[in-house]
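Some notes on the structure that comes next.
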Amino acid sequence: MMSDDIVNQLSLAEKIAFCSGASFWKTKALPRQGIPQLLLSDGPHGLRVQADKTDHLGLQSSLSATCFPTASLLASTWDCQLIEQMGAALGQEARARGVNILLGPGVNMKRNPLNGRNFEYFSEDPLLAGRMAAAWIRGVQAQGVGTALKHFAANNQENRRMTSNSLIDQRALREYYLPAFEIAVKTAKPAAVMCAYNRLNGSYCSENERLLSDILRGEWGFDGVILTDWAAMHDRVAAFRAGLDLEMPGSEEFFDPTVAQAVAQGNLNPALIDVSVRRLLTLAQNYGQQAAAGQPGTRAAMPPGQAPAVTPPHAAGASSPRQTPPPSPPADRAWPDPGKIQAHHQLARQIAAAGAVLLKNQADTLPYQPGQPLLVLGQLAAQPRYQGHGSSLVTPTRVDSLLDGLSQYSQQINYIQGYRLDGRPAPELLQPAVQQAAGWDGQILLCLGLPDVAESEGYDRPSLALPQVQLDLLAAVYRVKPCITVVLTCGCPVEMPWLPQVQALLQLQLAGQAGGLAAADLLFGSSNPSGKLAESYPLSYADVICRDCWGGPGTQVPYWESLYVGYRYYDSAQRPVRFPFGFGLSYTQFAYSNLTVRPLKQAGSFAVTLTLTNSGKRAGAEVVQLYVAPHTGGCFRPVHELKAFSKIFLEPGQQQLVTLTLERHSFEIYQPDSQAWITEAGAYQLEIGANSRDIRLAALVNLDGQKPKKDCCSDWYYQLQGQPQKADFVTLYGDYPEWQPPRRGQYDLNSALRDLKHSSPLGGLICGITQLVIALRTGGRPDWHNARFKMLMLSAQDNTLRSMLLFHPSRFLTSLVSGLLWLTNHPGHK
């Protein structure tokens, strides 16, 4: 049955209802039309299918699945083929569990290193993030499982994410914050795109017509489904106008009467609802029936708005979405299959080894020799941190610690805990570790990193520092025995004033369930480090350019720095960093030579070719990075930007010709006045580098285009002196009022619970009850060292009153929220 036929059979009420979920993780079905229910699941680095109790923050347990490394490590592989293999493994596990749509990947830019969810995002560079995401999507969808690219867009902090308003100038938005999404949409065709919670330039992303309709659908040609993040809906009528199709989770038709009234009053064109229904039908028929039949999805071959023919199980006729749906595709009874579990575990090990980054190797301290005695210090060696906290939390099929991995190479491993992971001082652990180190003759391996509570969805980090108890251990050991190698476990940059105290440093990141094995492979040289940083590591947080306009107390988040994020700022301002973007060491060396640039038929496109030689004694891989540096003298721009890359594996002494392609768009900038992409005429330097600060080869090309013209904006964007201020930013964005805390009479359903906490006795009481309930579910008492308690507590306080109603729709809660709002806005009344 064609989608138009189905749409014609449904009443307006049925169409409206079909555009919201049936439950927490499932869409609605149309049984008599043969349209199945779809099961959605979290899963950027592993499947999180919940068998009974459900939540969106990882509180309840989930069925076991392979926990692969998080996105921060995936990007550090710079290996699209490897990430596509991981996507295929995720797709296989999703199919086996009956999952139709996998919610991922996340491609938001790493604007600030304190973002608590940065471990779940790829990079500070949109090209790298976009290509990683596209590979992930291709791998998953080749298995007949759809994906939902997220969080669209400008969701760059966790603090107040439900209500924050990202103020971004048009060039920064189009040239930096959106391209990763654009690359993934155009090259991998995800089944769906998930909108973000936040507002973008004043409009919630769920109803932002410029973002969803004009750019995503109009300019990029996206014809799939747009769905909300969980409880991100605000105005369902405006969302239909903007092209948003699916509200998740099911809210028991919370918005349906409002939508029906808008249609009746002529304020909403019912044809827009029909379009959303058609897109949802296509999604269900492409990824529902194929998953049940065990065949790959066919969305890419389907014309927009048309679904493949399906024979209905009953006679044709109108049916209600609330009827009993057909069962979801059955899970594979052979799952968990021991063979697949082991194969996926080995793949996770391979990916972890490819994405871990060797940051220091003084005097060739590494690799160790097999059988070499080691003193291993630090609780993280025995109790690994291999993923972040929140909705991406995976129940792994197994976990191998670093001690497990080291035992495969040496039987002379002496382990001492050294510190507590919760950060509480423990002299009884510190002193034995120092005493043992003082008498140790060989190498000392110290495991440092961030605890669970430091990296999580729902809140941001307070600083870039490692826990003081770990720094105390490092300093004490260094005083008695300076031969220290550090394995660092965290999904983000940290400050490293202690770097001179260590001989070698391996950034393992959040390496998944097989990370301990991969680390041992690297430390003992059976794998050669080839990871490269996907984000810059500043010397300290004082060097982060957006520090003064990020993470404040209010909901308004101005992006004063515009385009200058990460290496785009550090390299342009010539500011020292601890480690530059793209940096990573190897146990071998690579030589670059013979650069040639050849124009292609398409104007403004070039083939850039060079010779890469493994000049060392070990097989290894190098990431060749191509940056474009404009010398046009026109609009303000970063000194250079990554525009192409390739990871090359070479045997010792082997040479290979490497060709990277630049298209016209590689040189373009966005012109806000004309809302068009332009190329400035003039010279551009093409730079081949091992990282953004290590340029090995360069060549100059000249392009035709528009005459370069200076921007009418503050000189800060050209000079980059000091910190940007509001006075600078308004020359790009325009003026905007300062954020003011809400006052009595201004609270509404979009107000966060934290805003009502001190404005109403009832609000304070609800917050107190919430804390008590969360404490009882996470250990019995309030404990801010407990990642689950902290995440749930801060997430609850940031929830809007509207999202509370969407998560828990009931007449009682609706009355309670209405009363709370009235009492807050009308103090002194009963």
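Could you calculate the contour length gain from L499 to T814, that is, 0.36 nm times the residue separation minus the distance between their Cα atoms, to one decimal place in nm?
Values: separation 315, 0.36 × 315 = 113.40 nm, distance 5.49 nm.
Result for the pair: 107.9 nm of gain on full extension.
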remark   = For the chain, percent of DSSP beta bridges that are antiparallel (nearest 5) comes out at 60 percent
task = May I ask you to give the percent of accessible area on the chain that is carbon plus sulfur, with a probe radius of 1.4 Å?
result = 51 percent
query = Given Cα pairs under 8 Å that are at least 6 residues apart, what percent is the relative contact order of the stretch 371-524?
reply = 33 percent
inquiry  = How large is the direction-averaged shadow of the alpha-carbon convex hull of the stretch 719-830, in nm²?
reply    = 10.8 nm²
Relative packing of peptides 73-85, 438-450, 602-614, 693-705 - highest average C-beta neighbours within 10 Å first = 73-85, 438-450, 602-614, 693-705
query = If each Cα of the stretch 689-748 is one equal point scatterer, what is log10 of I(q)/I(0) from the Debye formula at q = 0.13, 0.14, 0.19, 0.28 Å⁻¹?
reply = -0.72, -0.78, -0.95, -1.09
task = Quote to one decimal, in nm, the extra length available between R575 and K707 on full extension: 0.36 nm per residue of separation minus the C-alpha distance between them.
result = 44.5 nm
message = Using alpha carbons only, how many angstrom separate the centre of the stretch 670-697 from the centre of the stretch 414-466?
response = 43 Å
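What net charge do the residues around Q656 carry, taking every other residue with its C-beta under 12 Å from that of Q656, with Lys and Arg at +1 and Asp and Glu at -1?
Residues near Q656 contribute -1 overall.
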task = Please give the FRET efficiency for L12 paired with A699, using the beta carbon to beta carbon distance and R0 = 45 Å, rounded to the nearest 0.05.
result = 0.15
note = Computed ³J(HN,Hα) along the stretch 558-564: with the Karplus parameters 6.51/-1.76/1.60, θ = phi - 60°, integer Hz and x for glycine or proline, the list is x, 9, 4, 6, 6, 6, 8
request  = Order the peptides 664-674, 229-239 from the highest to the lowest mean number of other Cβ atoms within 10 Å of their residues.
outcome  = 229-239, 664-674
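If the chain between D223 and K601 were fully stretched, how many nm would it gain, using 0.36 nm times the residue separation less the Cα-Cα distance? Spell out each step's value before the answer.
Details: separation 378, 0.36 × 378 = 136.08 nm, distance 3.04 nm.
Gain on stretching D223 to K601: 133.0 nm.
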note = So, relative contact order of the chain in percent, Cα under 8 Å, 6 or more apart, is 15 percent
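Using helices alone, I'd like the mean residue ellipticity at 222 nm for the chain: each DSSP H run of four-plus residues gives -39500 (n - 2.57), total over residue count, nearest 500. Write down the numbers at each step before the final one.
Working: 23 runs with 232 residues, N = 830.
After summing the helix terms and dividing by residue count, I get -8000 deg cm²/dmol.
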Label-point separation in nm, S407 to F807, each point 7 Å along Cα→Cβ = 4.0 nm
Residue-normalised accessible area of the chain, given per residue in Å² at a 1.4 Å probe = 36 Å²
ask   = What does the highest-first list of 645-657, 192-204 look like by mean Cβ count within 10 Å?
value = 192-204, 645-657
ask   = Going down the list K481/K617; K532/K647; K601/K643; K186/K643; K150/K189; K360/K481, which pairs span over 22 Å between their C-alpha atoms?
value = K481/K617
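The values are calculated or read from the model by the stated rules, or taken from the named source; none is laboratory data. Everything numeric in this text was worked out from a predicted model, so none of it was measured. Here Cβ is always computed from backbone atoms with ideal geometry, including for glycine, and neighbour counts include all displayed protein chains. All accessible areas refer to the heavy atoms of the entire protein, side chains included, with ligands and DNA or RNA removed. Shrake-Rupley method; radii C 1.70, N 1.55, O 1.52, S 1.80 Å.
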